[in-house]
Amino acid sequence: MTKTPAETVAAMLNNPKDIAHVRSLCAPDVTYVSLNYEDRELKRIMPWCGTSHGPEAIVQTFIDVGRYWTINAFEIEALFDSGENVAVFGRFTYTSTVLSKTVTSPFSCFAKVRGGLCAYLQFMEDTFATADSFRSHGAWTIRSNPNGEQISV
C-alpha cells in the first residue's frame, strides 16, 4: 500500500535512527536542513546544524541528538500534507547529558515527498532554549530593543 506524503514523514520521524528504515523512506540525495541553512557559531554548539544530504545525515543527526540529550518526550501534535508538501508540528522535552538541564521546545518540520520518497526535510526548534541547555556559565549581553535597553541573559 502506498503511503501518503504525511504518512511517509511520520514513519521517518517515528524511527529516525535506523538507517535501513530511513533509506526506505528517503531519496538517496535527500536534502536535510537542521535548524538553519549554515551557521558556524551554532554548528560549534550542535555539530549537526546546517544543510546536508543523504539519509545518513538525517540518521546521524538523531543519533547525535541522543548523545547530547536524553529524549524525555517527542510528540507530534499536528501533521498534514498538501500535494508533495508536508507540515509537522509538535513538542519535545530533552535533558542535556552533560549539565542535566531540561528544556521543552516546540518543533516544526517542512518536508517534500516526491514519488513516495522524502526529497527534502527541514527541522526547526527553539534553538535559543536548546543551546541554553548547554550553557555552563556566563551571560549574554543583548541589545535588541530599538529604545536602547540592554539585558543580560
**Message:** Suppose the filter is surrounded by fewer than 16 Cβ atoms within 10 Å (Cβ to Cβ), within 23 Å of residue 133 (Cβ to Cβ) and among the hydroxyl-bearing types (Ser, Thr, Tyr); does residue 70 pass it?
**Reply:** yes
**Prompt:** Is there a residue being more than 20 Å from the chain's Cα centre (by Cα) and either surrounded by fewer than 17 Cβ atoms within 10 Å (Cβ to Cβ) or within 24 Å of residue 22 (Cα to Cα) (or both) anywhere in region 116-127?
**Reply:** yes
**Request:** Give the number of residues within region 45-62 that are closer than 14 Å to residue 15 by Cα and either in contact with a Ser or Thr (Cβ under 7 Å, 6 or more places away or on another chain) or exposed (fewer than 14 other Cβ atoms within 10 Å of the Cβ) (or both).
**Result:** 1
**Item:** Residue tally, condition among the aliphatic types (A, V, I, L, M) and under 19 Å from residue 45 (Cβ atoms), over region 75-121
**Value:** 3
**Asked** free of Cβ contacts under 8 Å to residues at least 60 places away in the same chain and part of a strand (DSSP E or B): does that describe residue 110?
**Response** yes
**Request:** Output the number of residues of region 19-40 satisfying the condition of being of a type outside the set (Gly, Ala, Ser) and part of a strand (DSSP E or B).
**Result:** 7
**Complete:** By residue number, the members of region 19-30 that are within 21 Å of residue 124 (Cα to Cα) and surrounded by fewer than 17 Cβ atoms within 10 Å (Cβ to Cβ) are 29
**Asked** Are any residues in region 76-107 outside any loop (DSSP other than H, G, I, E, B) and either polar (S, T, N, Q) or in contact with a Leu (Cβ under 6 Å, 6 or more places away or on another chain) (or both), and if so, which ones?
**Response** 82, 85, 88, 93, 95, 96, 102, 104, 105
**Prompt:** Regarding residue 56, is this residue outside any helix (DSSP H, G or I) and either out of contact with any Asp or Glu (no Cβ under 9 Å at 6 or more places or on another chain) or at pLDDT below 95 (or both)?
**Reply:** no
**Request:** Would you check if residue 67 is in a helix (DSSP H, G or I), without any contact (Cβ under 8 Å) to a residue 12 or more places away in the chain and over 13 Å from the mean Cα position of the chain (by Cα)?
**Result:** no
**Request:** Could you tell me whether any residue of region 84-107 is touching a helix residue (DSSP H, G or I) at 6+ places or on another chain (Cβ under 9 Å), at pLDDT 95 or above, surrounded by 15 or more Cβ atoms within 10 Å (Cβ to Cβ) and of a type in the set (Lys, Arg)?
**Result:** yes
**Request:** Please work out which residue is surrounded by the fewest Cβ atoms within 10 Å (Cβ to Cβ), limiting yourself to region 1-18 and to residues that are of a type in the set (S, T, N, Q) and more than 17 Å from residue 66 (Cβ to Cβ).
**Result:** 2
**Request:** Could you please let me know if residue 94 is within 17 Å of residue 10 (Cβ to Cβ) and in contact (Cβ under 8 Å) with a residue 24 or more places away in the chain?
**Result:** no
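The values are calculated or read from the model by the stated rules, or taken from the named source; none is laboratory data. Fair warning: this is a prediction, and the values are worked out from it, not measured in the lab. Note: ideal-geometry Cβ built from the backbone for every residue, glycine included; neighbour counts use all protein chains shown.
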